[in-house]
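S.K.: Please find one structure pasted underneath; my questions will follow.
The values are calculated or read from the model by the stated rules, or taken from the named source; none is laboratory data. The shown structure was predicted, so the numbers you read here are calculated from the model rather than taken from an experiment. With ideal geometry, Cβ positions are generated from the backbone for all residues, glycine too; neighbour counts draw on all protein chains shown. Only protein heavy atoms, including side chains, enter the accessible area calculation; ligands, DNA and RNA are left aside. Shrake-Rupley method; radii C 1.70, N 1.55, O 1.52, S 1.80 Å.
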Amino acid sequence: MLKNLPLKIQLFYFWGVMDLLALAAYCFHAVRQGRTPFCSDIVDFSNLHNASGAYGAAVILFFSLDLLLLSSLFLSAWLFMRRSRYAPWLAFGQEALRFLSLRCSVTLFPLLTTLSGLSNLWFNLLLFCISEMIKVSSLVYVVRSKR
């Protein structure tokens, strides 16, 4: 079914599914740990009273940016699935957040490393870099594609 579609449309669907899979994985892990996705993280974060000074500011910044990335995945998945011309631009904006949080765009990579038991830092970092190169290059293709 998808093989008859132009590559640009296939890429839109692929990145939409990757964003949905990232959200599903986040929610699955939260529920598996007996937590409520998003709500538990916000409550736990608001209970941090010991973080102060530069460390506290860094914690607040990274938590806020990670929460922004996670919540923006809803919008980017929806835009990609609707093949909106704004989807690649939102995804480009998410890239900075992905680098700060080290969240792979190709959600299958961390899932496969978890299932296979590979927990090597350098291997995971390599997969992260490959994931982001694939995403950025495919988004550049989508933006430049006329069809």
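S.K.: Based on DSSP H runs of at least 4 residues, each adding -39500 (n - 2.57), what is the mean residue ellipticity at 222 nm of the chain after dividing by all its residues, to the nearest 500 deg cm²/dmol?
M.R.: Details: 6 runs with 111 residues, N = 147.
Only helices count here, giving -25500 deg cm²/dmol.
S.K.: What's the center-to-center distance, using Cα atoms, between the range 87-147 and the range 1-79 in Å?
M.R.: The distance from the Cα centre of the range 87-147 to that of the range 1-79 comes to 13 Å.
S.K.: So for the range 32-136, averaging the separation of alpha carbon pairs under 8 Å that are six or more residues apart and normalising by length, what relative contact order in percent results?
M.R.: Once divided by the residue count of the range 32-136, the mean separation gives 20 percent.
S.K.: I've got another one for you. Quick one: Karplus J couplings for the range 21-35, per residue in order, coefficients 6.51, -1.76, 1.60, θ = phi - 60°, nearest Hz, x for Gly and Pro?
M.R.: Computed from phi, the couplings for the range 21-35 are 5, 4, 5, 5, 5, 4, 5, 4, 5, 5, 5, 4, 8, x, 10 Hz.
S.K.: Towards the positive end of the charge dipole of the range 4-147, with charges on Cβ (+1 Lys, Arg; -1 Asp, Glu), say which of S105, P6, L68 has the farthest Cα.
M.R.: Projecting each Cα onto the dipole axis, the largest value belongs to P6.
S.K.: Select from the range 54-99 those trypsin sites (Lys or Arg not before Pro) which occupy a DSSP coil region and have at most 13 other Cβ atoms within 10 Å, ordered by residue number.
M.R.: Qualifying residues, ordered by number: R82, R85.
S.K.: Give the ranking of I60, I9, I130 by solvent-accessible surface, highest area first, calculated with a 1.4 Å probe. Each step should come with its number before you reach the end.
M.R.: Details: I60 95, I9 35, I130 60 Å².
Sorted descending by solvent-accessible area, the residues read I60, I130, I9.
S.K.: Using r as the Cβ-Cβ distance of N4 and S40, and R0 as 35 Å, what FRET efficiency do you calculate, to the nearest 0.05?
M.R.: 0.20
S.K.: Would you list Y141, Y26, Y55 from the most to the least accessible area, probe 1.4 Å?
M.R.: Y55, Y141, Y26
S.K.: Going by the alpha-carbon gyration tensor, a ≥ b ≥ c the square roots of its eigenvalues, is the range 62-144 rounded (a/c under 1.5) or, if a/c is not under 1.5, prolate (a/b greater than b/c) versus oblate?
M.R.: Because a/c hits 1.5 or more and a/b exceeds b/c, the range 62-144 counts as prolate.
S.K.: Also, quick follow-up: Give me the dipole magnitude in Debye, nearest 20, for the chain about the Cα centre, with unit charges on the beta carbon: positive for Lys and Arg, negative for Asp and Glu.
M.R.: With Lys and Arg at +1 and Asp and Glu at -1, about 840 debye.
S.K.: When a/c reaches 1.5 or more, the comparison of a/b and b/c decides; with that in mind, is the range 6-147 rounded, prolate or oblate per its Cα gyration tensor?
M.R.: Prolate, since a/c reaches 1.5 and a/b exceeds b/c.
S.K.: Can you tell me the 0 to 90 degree angle between the C-alpha axis of helix 121-144 and the longest principal axis of the chain, rounded to 10?
M.R.: Helix 121-144 sits roughly 40 degrees off the main axis of the chain.
S.K.: In what sequence, largest accessible area first, do D66, D19 appear using a 1.4 Å probe?
M.R.: Result of the area sort, largest leading: D66, D19.
S.K.: Tally Lys and Arg at +1 and Asp and Glu at -1 over the other residues with C-beta under 14 Å from the C-beta of L65: what net charge comes out?
M.R.: Overall, the nearby charge balance is -1.
S.K.: Still on this structure, please answer the following. Net charge around G16, counting only other residues with Cβ within less than 10 Å of its Cβ (Lys, Arg = +1; Asp, Glu = -1)? Please list the in-between numbers first.
M.R.: On the way: positive: R82, R83; negative: D19.
Residues near G16 contribute +1 overall.
S.K.: Roughly how tilted is helix 87-101, in degrees to the nearest 10 and between 0 and 90, from the longest Cα axis of the chain?
M.R.: 30 degrees
S.K.: Express the carbon and sulfur contribution to the solvent-accessible surface of the chain as a percent, rounded to the nearest whole number, probe 1.4 angstrom.
M.R.: 69 percent
S.K.: Mind checking the full-extension length gain between N120 and S145? Use 0.36 nm per residue of separation minus the Cα-Cα distance, one decimal, nm.
M.R.: So the chain would gain 5.3 nm between N120 and S145.
S.K.: While we're looking at this one, here's another question. Can you give me the angle between helix 53-81 and the longest principal axis of the chain, using Cα atoms only, in degrees from 0 to 90, rounded to the nearest 10?
M.R.: In the chain, helix 53-81 runs at an angle near 30 degrees to the longest axis.
S.K.: Could I ask something else about it? When Lys and Arg each count +1 and Asp and Glu each count -1, what net charge do the other residues less than 12 Å away from A25, Cβ to Cβ, add up to?
M.R.: Neighbourhood net charge equals +1.
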